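Colleague: Got a structure for you, questions after.
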Amino acid sequence: MALPRARQVPLAGWLRIAVRIAAMAALLLICVPLFHAWKPFTRHNPWPRLFLRGVAWLAGVRLRLRGEKVHRGAFLLANHVSWIDIPAIAGVTGSAFVAHDGLASLPLLKWLCELNDTVFVARHDRTSIAAQVQAVRTALSDTGALTIFPEGTTSDGTGLLPLKSSLLSALEPLPDGIAVQPVLLDYGPEAAAVAWVGDEHGLDNFLRILARRRPVDLTLHFLPVLTGSELTSRKTIAAAAREAMLATLAR
C-alpha cells in the first residue's frame, strides 16, 4: 500500500515544514493579541486578514491579481482547489467564508475560523436552512465580503465541478447593496500538484505543500460582477458564474 504523498517527502522537505509551521505559529502569537486589542474599536478587524496573508506567503504562495475586486458588499463565488485558496482570498480581500459545519468539530480550526467570522452551515440539515440563510445575510452585512465555494468540494484545478445552486439560497432574493462576483483561482500547470482531491487527507495536503521547495504560483482572477438577468435566481447566478470561470480558465 502506497504512503500518502505528504509522507514521501525528503528530509529537506520536512525541515521546510518545521520552519514554516514555526513561523506561522509565531505569526499567530503576534496577531491574536492585536486582534483582541483592535476588536472594541472596529467592526472590520484587520488582523485575521494580515495573518492569513502571512500564512499564504509563508507557504510559498506567489500571488498575482487580475481584474478589479469589489471593495465593499461583495459575495464572492470561487472555485476550490486546496486549503491555500482560503488564506489567498482572505489575504487579498479580507473576506469571511461560508464553511460546512464539519470544521466546527475541530477545536483549533473552529477557533481560527471564528476569528475570521466564518459562517458554518449544515448542508444536509433541511430544517435549519432559514436560519443559515439569515446567518449568511448577517455576515455579508457585518464583514463586507463573504466567500463561498459553490462546487461544494475541491476539484483538481484543471476544470470546474458543477456549481450547487442550493448553496446560494442566501442570494434569493439578492440583499440590497450586495455585488455578486465570480473569482477564479488559477494554479496554472501546477494545479494537479497542489490540488486536494481523492482520498488525500487534509493534513497530508497541508504538509505536502509546506514541504515544497518551489513556490506556488496562484493567479486570482476577479471576474466582472454579475448583472441583470444573471441575478434572476440562484440558478442563474450559479450558471453565469460557472460560465465566466470556465471562459477564463480556457484562455
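The values are calculated or read from the model by the stated rules, or taken from the named source; none is laboratory data. Source: prediction; values computed, not measured. So basically every Cβ, Gly included, is an ideal-geometry build from the backbone, and we count neighbours across all protein chains shown. Please note that ligands, DNA and RNA were not included when accessible areas were found on the heavy atoms of the full protein model with its side chains. Shrake-Rupley method; radii C 1.70, N 1.55, O 1.52, S 1.80 Å.
Colleague: Given the protein chains as shown and a 1.4 Å probe, how many square angstrom of Leu50 are accessible, to the nearest 10?
Modeller: Spelled out: Leu50, probe radius 1.4 Å, area about 80 Å².
Colleague: For labels at Glu243 and Trp111 in the simple 7 Å Cα→Cβ model, what's the distance in nm?
Modeller: 4.7 nm
Colleague: Follow-up question, since we're still on this one. Count neighbours as other Cβ atoms within 10 Å of each site's Cβ, and list the trypsin sites (Lys or Arg not before Pro) in the stretch 200-230 that are DSSP loop with at most 13 such neighbours.
Modeller: Arg213
Colleague: May I ask you to give the percent of accessible area on the chain that is carbon plus sulfur, with a probe radius of 1.4 Å?
Modeller: 62 percent
Colleague: Ok, one more. Give the span of the stretch 147-237's Cα atoms along each principal axis, as three whole-Å numbers ordered largest to smallest.
Modeller: Principal extents (largest minus smallest coordinate, Cα): 45, 25, 21 Å.
Colleague: Tally Lys/Arg at +1 and Asp/Glu at -1 over every other residue whose Cβ is under 10 Å from the Cβ of Ala56; what's the total?
Modeller: Result for the local shell: +1.
Colleague: Now for a separate question. To test your reading of the geometry: what angle, between 0 and 90 degrees and rounded to tens, separates the Cα axis of helix 129-143 from the longest principal axis of the chain?
Modeller: 80 degrees
Colleague: How high is the relative contact order of the chain? Use alpha-carbon pairs under 8 Å, at least six apart in sequence, and give a whole percent.
Modeller: 28 percent
Colleague: Let me check the size of the stretch 141-191 from its C-alpha atoms; what are the radius of gyration and Dmax in Å?
Modeller: Considering the stretch 141-191 through its Cα atoms, Rg and Dmax are 13.3, 39 Å.
Colleague: Using R₀ = 25 Å, calculate the FRET efficiency as 1/(1 + (r/R₀)^6) where r is the Cβ-Cβ separation of Leu28 and Glu68; round to 0.05.
Modeller: The computed FRET efficiency comes out at 0.20.
Colleague: Something else about it: Please calculate how many Å² of accessible area the stretch 139-251 carries per residue, with a 1.4 Å probe and no DNA, RNA or ligand atoms counted.
Modeller: With all protein chains present, the stretch 139-251 gives 43 Å² per residue.
Colleague: Which value, in Å³ per residue, describes the convex hull spanned by the Cα atoms of the stretch 40-114?
Modeller: Convex hull of Cα atoms, per residue: 124 Å³.
Colleague: Continuing with this model, one more query. Net charge within 14 Å of Ala78 by Cβ-Cβ distance, Lys/Arg positive one each and Asp/Glu negative one each, not counting Ala78 itself?
Modeller: +1
Colleague: Using the alpha-carbon centroid of each, what span in Å lies between the stretch 12-27 and the stretch 142-161?
Modeller: 27 Å
Colleague: Next question, about the same structure. Measuring with a 1.4 Å probe in the full set of protein chains, what accessible area per residue, in whole Å², belongs to the stretch 53-100?
Modeller: The answer is 37 Å² per residue.
Colleague: Taking every alpha carbon pair in the stretch 1-87, what does the distance histogram look like in 5 angstrom bins from 0, in percent?
Modeller: 2, 11, 14, 18, 19, 15, 10, 6, 3, 1, 0
Colleague: Mind jotting down a quarter of the surface of the convex hull over the alpha carbons of the chain, in square nanometres, one decimal?
Modeller: Hull-based average projected area comes out at 14.1 nm².
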